[in-house]
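Following: one structure in structure tokens, then a few remarks.
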Amino acid sequence: MKLWVWMLSEANWKDHSKLKRGQFLTTIREMQEAMSYKVGFRKETPTIDQVRSAYEAFAKASMITAVKTTRGMIITILNYDRYQDVKSYEAHTDPHNETPMKPGVTPHYKGKKGEEGEVYSSTNVELPDSQAAEAPDEREGKGNLDSCPHQKIVDLYHQILPELRRVRSWNETRRSYLRARWREDVKRQSLDWWKGYFEYVRGCPWLMGIVDSSSGRKPFQADLEWLVRPQNFIKVVEGKYAQ
């Protein structure tokens, strides 16, 4: 379920460059990061086989299709419009097409071997190690499939909001949040927009930790990850934290 929710958040909400609405580019490595979880202070990351079993189950249930490319795979969310319609969530009486699975069991489906560029639903799309290890920033500019300038936006955050917590590690989970915000609106695909966003945050005392704390506890301060998480981001841009 965690991987499915991540896929829905990653999919383009409208046609962008070479990708269509409901599609996104990803790799096995990115899906491993998306499915990782914490056990105490220890981070658990699923194996390649576990990730493959999960997305192949989605493919078998006709929830997605995948196209192998030299830079990863292009996932297409089938019936994407249905998931974007709020009416789809108002009632849960409609039957689902997903194949029922026994609790605790993730099936592994063996698919037919496909040639590169072929659209298929259940097959091994693992990249060679040299390509699977390619970081998202290193893929930027290649066909504009992922053009989010992570480092430049992080630099703007540090420049405009030096009082807030500095970014020490920009992992794939954090990248996915920023990448999704970048893709959602063409207006946000500009460093000037992000400069304005951070300047706006600077004018919000609560986000900056400039508030009286009657409880004696340290006041809250936002950080970059918090500012680009979907639930927080929409509240900021809608003015909830304005003075």
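Below, the figures for the structure above:
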quantity: Net charge of neighbours whose Cβ lies under 15 Å from the Cβ of Asp185, counting Lys and Arg as +1 and Asp and Glu as -1; calculated: +3
quantity: Debye intensity ratio in log₁₀ form over the Cα atoms of segment 148-243, taken at each q of 0.12 Å⁻¹; calculated: -0.37
quantity: Approximate spin-label separation Asp49-Gln221, in nm, with each point projected 7 Å along Cα-to-Cβ; calculated: 4.6
quantity: Links that overshoot a 20 Å alpha carbon limit, given the list Lys20/Lys68; Lys18/Lys68; Lys2/Lys43; Lys2/Lys195; Lys38/Lys68; Lys68/Lys152; calculated: Lys2/Lys195; Lys38/Lys68; Lys68/Lys152
quantity: Under 14 Å, Cβ to Cβ, from Ala242 - net charge with Lys/Arg +1 and Asp/Glu -1; calculated: +1
quantity: Computed E for Lys38/Lys235 - FRET, C-beta separation, R0 22 angstrom, nearest 0.05; calculated: 0.35
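Bear in mind these aren't lab numbers, they're just calculated from the coordinates by the rules spelled out. Bear in mind the structure is a predicted one, so any value in this text is a computation, not a measurement. Cβ atoms come from the backbone with ideal geometry, glycine included; neighbour counts cover every protein chain shown.
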